[in-house]
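The values are calculated or read from the model by the stated rules, or taken from the named source; none is laboratory data. The model shown is predicted, which means the values in this text are computed figures rather than measured ones. Here the Cβ positions follow ideal geometry from the backbone for every residue, glycine too, while neighbour counts run over all protein chains shown.
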Amino acid sequence: MSPEITTAGAITALVAEKRAVGYKYAAEERVLARFAAFCCAEFPGLDAPSRASVEAWVAAARQRGVKPATLQALATPVRELARWLGRRGVPAYVLPAGTLPRPARYVPHIYTDQELAALFTQTDRCHYCSLVPFRHLVMPVLFRTIYACGLRASEARLLRVADVDLDAGILQIRAAKGGKDRQTPVSEPLRARLADCHAHVVGRTGGEWFFPGTTGRPLSLGNIDKNFRRFLWQARISHGGRGHGPRVHDLRHTFAVNNLRGWFARGDDVGALLPVLQAYMGHASPDDTAYYLRLTAESYPHVTAQVRRVIGDVVPPVTGGPCHGD
C-alpha cells in the first residue's frame, strides 16, 4: 500500500465519502473495523485486502453459520474498500460478484382491510404497564402513523416533538434513508390522534421524543417489533417465523399498494401521481415506487390490465424481482 494510504485511513476516507453523498454507512463502518482487526490478527503486516484475507474472512463467517443476507452484509463493505483502494492505484482483491449465495427474497405481506382493522383494534386494547407507563397511549398512534403515512419504523420512532406540527398536520422526517429530509402531511383523523398523544404523553414526559421509550430515549426497534408481534397474535394474523413476516415494514408496503389501488378504482392518472407517491414516501429512485405497481397487480389481479397501461409492458411477478426493503 502507498505510504500515504493506511488501512485505517482508507476506511476513514471511504466512510467519509459515503456519508458525503447521503449514506449513513454506520453498520458498514463497523464491519470494516472488524475486518481490519481480523486482518491484523490473522494476516499481520497486510496492507490491503488480499484474496487470502478476504476468503478467510468469508470462511470464518460461514463457520459461524451466518445466513446468506448476513454474509452479504459482511462482504459488501470489504468489496467497496478494495474498489476504493483500486481507484487510487493500490492493488486490492475485489471479491467477484456471484461468489456468495443470494439471500432468499422476502415477498412483502400486503395486509387486507380486515387485517388492518383487526390489528389496529388490538393496538387500541393495549393495556397499561407500570414498567412502560405510556405504552398503551403510544402504540395505537405509533402504528397508525407508520401505516397512514407510509413511514419506515425508524422514521416514526425517531420523530422529535419539534418535528410534529400539530397545527398544520405535517411531520418533518429528518435524515431518512439516503440522508434526505422530507415533509409528510397527515390526515385530519391522524392529526387529532397525534395531538391527543402529545397532550397525554409528551406533555407529561417533557422529553424530546414524540414516541418515548425508557430512560429518555426513543422507542427501540426491538421494542416496536416485540409489541407488533403481540398485536399480530391477538389479531389472529399468522406469522411465518423469523425472516418470513408479516413485518412492521409491510405496513409501509401496504400503504403504497392501497393508495395505488384507490387511484386505479377512481380512474385517476396513476402515471402522473407516481412522482407524488415517490416524494411522499421518500424514495430515491422512481424504480422504487414503480415496484409497487407490480406489487399491486400481484396483490389485486383485477387491476393488472390497468397497471400494464401505466408501465407499458407485461407485469413481472413480484417473486421474480429484486429484493426491496425500502
Of all residues in region 231-248, how many are surrounded by 14 or more Cβ atoms within 10 Å (Cβ to Cβ), within 17 Å of residue 121 (Cβ to Cβ) and charged (D, E, K, R)? 0
Listed residues 105, 157; which is touching a residue at least 60 places away in the same chain (Cβ under 8 Å), loosely packed, with under 14 Cβ neighbours inside 10 Å, touching a Ser or Thr at 6+ places or on another chain (Cβ under 8 Å) and among the charged types (D, E, K, R)? 105
Out of all the residues in region 160-175, which are of a type in the set (A, V, I, L, M, F, W, C), under 24 Å from residue 247 (Cα atoms) and either crowded, with 18+ Cβ neighbours inside 10 Å or over 14 Å from the mean Cα position of the chain (by Cα) (or both)? 171, 173
Find the residue count for region 53-74, including only residues that are surrounded by fewer than 13 Cβ atoms within 10 Å (Cβ to Cβ) and in contact (Cβ under 8 Å) with a residue 24 or more places away in the chain. 1
The conditions are (1) on the phi > 0 side of the Ramachandran plot; (2) surrounded by 15 or more Cβ atoms within 10 Å (Cβ to Cβ), and residue 277 fails exactly one of them. Which is it? (1)
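Quick grid of which residues meet (1) within 30 Å of the chain's Cα centre (by Cα); (2) modelled with pLDDT of 95 or more:
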| site | (1), (2) |
| --- | --- |
| 10 | yes, no |
| 21 | yes, no |
| 26 | yes, no |
| 53 | no, yes |
| 60 | yes, yes |
What are the residues in region 75-102 that are within 16 Å of residue 15 (Cβ to Cβ), without any contact (Cβ under 8 Å) to a residue 40 or more places away in the chain and not hydrophobic (A, V, I, L, M, F, W, C), if any? 79, 83, 87
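Rundown of residues vs (1) outside the structural domain of residue 181 (by TED's automatic domain parsing); (2) basic (Lys, Arg); (3) outside any helix (DSSP H, G or I); (4) closer than 30 Å to residue 282 by Cβ, yes/no style:
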| residue | (1), (2), (3), (4) |
| --- | --- |
| 14 | yes, no, no, yes |
| 24 | yes, yes, yes, yes |
| 39 | yes, no, no, no |
| 55 | yes, no, no, no |
| 60 | yes, no, no, no |
| 82 | yes, no, no, no |
| 92 | yes, no, yes, no |
Among the listed residues 46, 32, 100, 131, identify the single one that is modelled with pLDDT of 95 or more and either out of contact with any Phe, Trp or Tyr (no Cβ under 8 Å at 6 or more places or on another chain) or surrounded by 15 or more Cβ atoms within 10 Å (Cβ to Cβ) (or both). 32
Name the residues in region 176-192 that are free of Cβ contacts under 8 Å to residues at least 60 places away in the same chain and within 30 Å of residue 25 (Cβ to Cβ), would you? 181, 183
